[in-house]
Amino acid sequence: MVETGNKKKTALFFLIGGTVTFGFSSLFVKLCDFPATVIAAVRIIAAGIIIIPFAYTSIISLYKKHSLRELFVLAIPGILLGLHFQAWVWGIKNTYIATGTFIFSTNPVLFAVTEKLIYKRRVKTSTVFSLILVILGGLWIFVIGNGRFGQPGNILCLLATVIFVLYLLSAKRYSKGLTHASFIHLIYLWGGIAMLPFVFISGDFKIIQFNDTYSYLFLMLLVIFPTLIGHTSSNYAVRYFSPLFVSFFTLFEPLLSSVAAFIFLREKPELMLYPGYIMLITASLIYFLSKFQLKHKKMGR
């Protein structure tokens, strides 16, 4: 029990650090001039390769112990992650940012519905209130940001959100019994490779500027921080916490992205969007506080 408690503390600390790196994701994507499909595929392929020297023994053991069929099943979260990136990037380029933000902010709602319908878990009143705030905060960002439904990218953004939910659920399921390093290597590398057909089908491979040094720099920053630290932290945290718990951390991303854009690009934040950000963060804090209080009640018993 003590060991599990220590691992949960480590997972929570890792998740908080990873959440901060998510705020830089949009910034690095914007500064990298490589085609969207290339960024979406290469960022996780590179992450999968970088992991190898740090977990060589466990990775080799993983490949030796499992058949090709078993490895394919284990790589499902990676394929879903790659599809999430592809759908999100394509979607956000064909709709309003406010619309995309609103759509993705519904992911805790989807996780709550999943817990209720599939896992038959009771949704607490405080959680329902948090989810209502999530919807209101997302709607505020949607309205103030001049978001509009009916854009071609809306369906892709919704698809990306649904795939994100499936990705975290599958990561929690298939990571059991595997070392974390070997698991993320597998899903990143093979999930990214599975996305390469999009690069060639879209014709983006032909327009890559291979001498674009700055794009390489920002692509690597995207690999190291939002991917290796950010998504790896989510993968690790979902081993010890519910996907719903982890999903509430994603609600900090819009505010963090806005702050990062102001610091590094001098893009002035749209102040009228901040009430929406505050509602999203308040929803998260209410949810986390209720979980903290529940934990202490159980310990008191």
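The values are calculated or read from the model by the stated rules, or taken from the named source; none is laboratory data. Remember, predicted model here, so these are calculated numbers, not experimental data. Backbone-built Cβ (ideal geometry, glycine too); neighbour counts: all protein chains shown.
Do we have any residue at all in the stretch 153-166 that's touching a Ser or Thr at 6+ places or on another chain (Cβ under 9 Å), closer than 30 Å to PHE54 by Cβ and small (Gly, Ala, Ser)?
Checked against the condition, which is being touching a Ser or Thr at 6+ places or on another chain (Cβ under 9 Å), closer than 30 Å to PHE54 by Cβ and small (Gly, Ala, Ser), the stretch 153-166 yields no hits at all.
Could you pull out the residue among ILE92, ILE141, ILE97 that is under 21 Å from the mean Cα position of the chain (by Cα) and buried (at least 23 other Cβ atoms within 10 Å of the Cβ)?
Of the residues listed, the single one that is under 21 Å from the mean Cα position of the chain (by Cα) and buried (at least 23 other Cβ atoms within 10 Å of the Cβ) is ILE141.
Checking PHE292 against (1) of a type outside the set (A, V, I, L, M); (2) more than 21 Å from VAL134 (Cα to Cα); (3) without any contact (Cβ under 8 Å) to a residue 60 or more places away in the chain, which test does it fail?
(2)
Six or more apart or on different chains, Cβ under 7 Å: which pairs go from a residue in the stretch 243-268 that's touching a residue at least 12 places away in the same chain (Cβ under 8 Å) to one that's part of a helix (DSSP H, G or I) and of a type in the set (Lys, Arg)? Could you list them?
Within 7 Å, the pairs are PRO243/LYS172; PHE245/LYS291.
Quickly run through the stretch 238-253 and pick out the residues that are assigned to a helix (DSSP H, G or I), within 12 Å of the chain's Cα centre (by Cα) and not charged (D, E, K, R).
The answer is PRO243, VAL246, SER247, PHE248, PHE249, THR250, LEU251, PHE252.
Among the residues of the stretch 197-232, write down those that are small (Gly, Ala, Ser) and over 30 Å from ILE16 (Cβ atoms).
SER202, GLY203
Only one residue in LEU289, LEU222 is exposed (fewer than 13 other Cβ atoms within 10 Å of the Cβ) and either modelled with pLDDT of 90 or more or under 23 Å from VAL113 (Cα atoms) (or both). Which one?
Within the list LEU289, LEU222, the selection yields LEU289.
Can you report the number of residues in the stretch 1-48 which are at pLDDT below 90, small (Gly, Ala, Ser) and either exposed (fewer than 14 other Cβ atoms within 10 Å of the Cβ) or more than 15 Å from PHE85 (Cα to Cα) (or both)?
2
Please state which of the following conditions LEU217 fails to meet, knowing it meets all the rest: (1) part of a loop (DSSP other than H, G, I, E, B); (2) at pLDDT 90 or above.
(1)
Pick from ILE51, ILE59, ILE163, ILE155: which is part of a helix (DSSP H, G or I) and surrounded by fewer than 16 Cβ atoms within 10 Å (Cβ to Cβ)?
It is ILE155.
Just one of (1) closer than 26 Å to ILE207 by Cβ; (2) touching a Lys or Arg at 6+ places or on another chain (Cβ under 8 Å) trips up TRP90, so point out which.
(2)
Among the residues of the stretch 86-98, which ones are more than 18 Å from PRO275 (Cβ to Cβ) and β-branched (Val, Ile, Thr)?
Hits for the stretch 86-98 are VAL89, ILE92, THR95.
Filter the stretch 238-276 down to the residues that are closer than 29 Å to PRO77 by Cβ and either aromatic (Phe, Trp, Tyr) or touching a strand residue (DSSP E or B) at 6+ places or on another chain (Cβ under 9 Å) (or both) and list them by number.
Of everything in the stretch 238-276, those that are closer than 29 Å to PRO77 by Cβ and either aromatic (Phe, Trp, Tyr) or touching a strand residue (DSSP E or B) at 6+ places or on another chain (Cβ under 9 Å) (or both) turn out to be TYR240, PHE241, PHE245, PHE248, PHE249, PHE252.
Name the one entry in PHE111, PHE129, PHE149, PHE102 that is of a type outside the set (D, E, K, R), in a helix (DSSP H, G or I) and at pLDDT below 90.
So the residue among PHE111, PHE129, PHE149, PHE102 that is of a type outside the set (D, E, K, R), in a helix (DSSP H, G or I) and at pLDDT below 90 is PHE102.
Looking at (1) surrounded by fewer than 13 Cβ atoms within 10 Å (Cβ to Cβ); (2) within 19 Å of LEU251 (Cα to Cα); (3) among the hydroxyl-bearing types (Ser, Thr, Tyr), which is the one condition that is false for THR127?
For THR127, the exception is condition (1).
With of a type in the set (Gly, Ala, Ser), farther than 21 Å from LYS176 by Cβ and more than 15 Å from the chain's Cα centre (by Cα) as the only criterion, which of ALA46, ALA87, ALA40 stands out?
Step by step, each of ALA46, ALA87, ALA40 is checked, and only ALA46 is of a type in the set (Gly, Ala, Ser), farther than 21 Å from LYS176 by Cβ and more than 15 Å from the chain's Cα centre (by Cα).
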